[in-house]
Amino acid sequence: MLEVRNISKKYKKGSDEFTALNGVSLSIGKGEFAVITGASGSGKSTLLYTVGGLIRPDSGEVLFDGTGIYDQKPEFLNQYRKRDVGFMFQQFHLMPYLTVYENIRLTCYARQHLDRIDYYLEKCSLNGMKRKYPSELSVGEKQRTAFIRAIVADPVLLLADEPTGNLDPENSNILMLMIEEYNRNGGTVLLVSHDPGLSANTGRRIILQSGKVVGSSVTP
Ligand SMILES: Nc1ncnc2c1ncn2[C@@H]1O[C@H](COP(=O)(O)OP(=O)(O)OP(=O)(O)O)[C@@H](O)[C@H]1O
Ligand SMILES: [Mg+2]
């Protein structure tokens, strides 16, 4: 479903250049649960952004169901971001001026998505938080809001950047159970994590180092 072919990305500022991704290739099938690990600065977030249609790589291709997402008309990327991908950002990126409910509504584009908001709020123990603003939430509550916003419109691919990074074990567990449920229901997951324990019991594992894939394994 997802194929990354030899992508490279340099961040440039004036004459300064930093190679964040250096010839990364990987492939993920529909319904898989893949985890990317690697040290801070190894390029994990950059890789997730390129896969999510947010950063165009300098070279290489990102193929979604065989189509190069950066080779199409701009409208293709809009649709891809809106319909196919759910993105959980490392820093959440919730809108500070919108409530929890309004933040989640942002990604809904059909009636049936709106109908599911209450179900997910309940599942994530957020029903009392609907009208609160992000600044009034705990980190765990923000992260669960970001999760619901990412999956409420039923994307086929969930890209999650350190979804449990700032959470205590209990909150981390709640969120992982939700992500696993999304995966059991057919969703494909590509998740970035520092936590080696988290990646031990999952399917595909990809290790990044200095912008390169240095290890890859599949645990049945
Ligand atoms: N906008 C930018 N401009 C310049 N350099 C950047 C930019 N974004 C990231 N970098 C650099 O690219 C490298 C890879 O960054 P990236 O955020 O992908 O790493 P990461 O593996 O996600 O790290 P972390 O685990 O700390 O989140 C880092 O060294 C970072 O400093
Ligand atoms: Mg990162």
Looking only at region 141-148, decide whether some residue is surrounded by 15 or more Cβ atoms within 10 Å (Cβ to Cβ), within 16 Å of ligand 2 (Cβ to nearest atom) and in a loop (DSSP other than H, G, I, E, B). no
Scan (1) more than 16 Å from ligand 2 (Cβ to nearest atom); (2) over 21 Å from Arg5 (Cβ atoms); (3) modelled with pLDDT under 90; (4) open to solvent by less than 60 Å² (accessible area, probe 1.4 Å) for the single condition Asp168 breaks and write down its number. (4)
Tell me which residues, restricted to region 12-24, are touching a residue at least 24 places away in the same chain (Cβ under 8 Å) and farther than 17 Å from Gly52 by Cβ. Thr19, Asn22, Gly23
Given (1) open to solvent by 60 Å² or more (accessible area, probe 1.4 Å); (2) in contact (Cβ under 8 Å) with a residue 60 or more places away in the chain; (3) within 23 Å of Ala39 (Cβ to Cβ), Glu180 misses just (3)
Looking only at helices (runs of 4 or more DSSP H) that lie completely in region 1-105, which have at least 3 residues being surrounded by 16 or more Cβ atoms within 10 Å (Cβ to Cβ)? 44-51, 100-105
Take the conditions over 30 Å from Lys30 (Cβ atoms), out of contact with any helix residue (DSSP H, G or I) (no Cβ under 9 Å at 6 or more places or on another chain) and among the acidic types (Asp, Glu) and apply them to Glu102. Does it pass? yes
Among the numbered conditions (1) farther than 30 Å from Val214 by Cα; (2) more than 14 Å from the chain's Cα centre (by Cα); (3) not hydroxyl-bearing (Ser, Thr, Tyr), tell me where Gly41 comes up short. (1)
Return the pairs, sorted by first residue and then second, in which the second residue is open to solvent by 10 Å² or more (accessible area, probe 1.4 Å) and in a loop (DSSP other than H, G, I, E, B), the first residue lies in region 153-164 and is of a type in the set (A, V, I, L, M, F, W, C) and away from ligand 2 (no atom under 16 Å from the Cβ), the beta carbons are less than 7 Å apart, and the residues are 6+ apart or on different chains. Ala153/Thr107; Ala153/Cys108; Ala153/Tyr109
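The values are calculated or read from the model by the stated rules, or taken from the named source; none is laboratory data. Every value quoted in this text rests on a predicted model; they were computed, and no experiment measured them. Cβ coordinates were reconstructed from backbone atoms using ideal geometry, including for glycine residues, and neighbour counts include every protein chain displayed. Note: accessible area is taken over every heavy atom of the protein model, side chains too, but ligands, DNA and RNA are not part of it. Shrake-Rupley method; radii C 1.70, N 1.55, O 1.52, S 1.80 Å.
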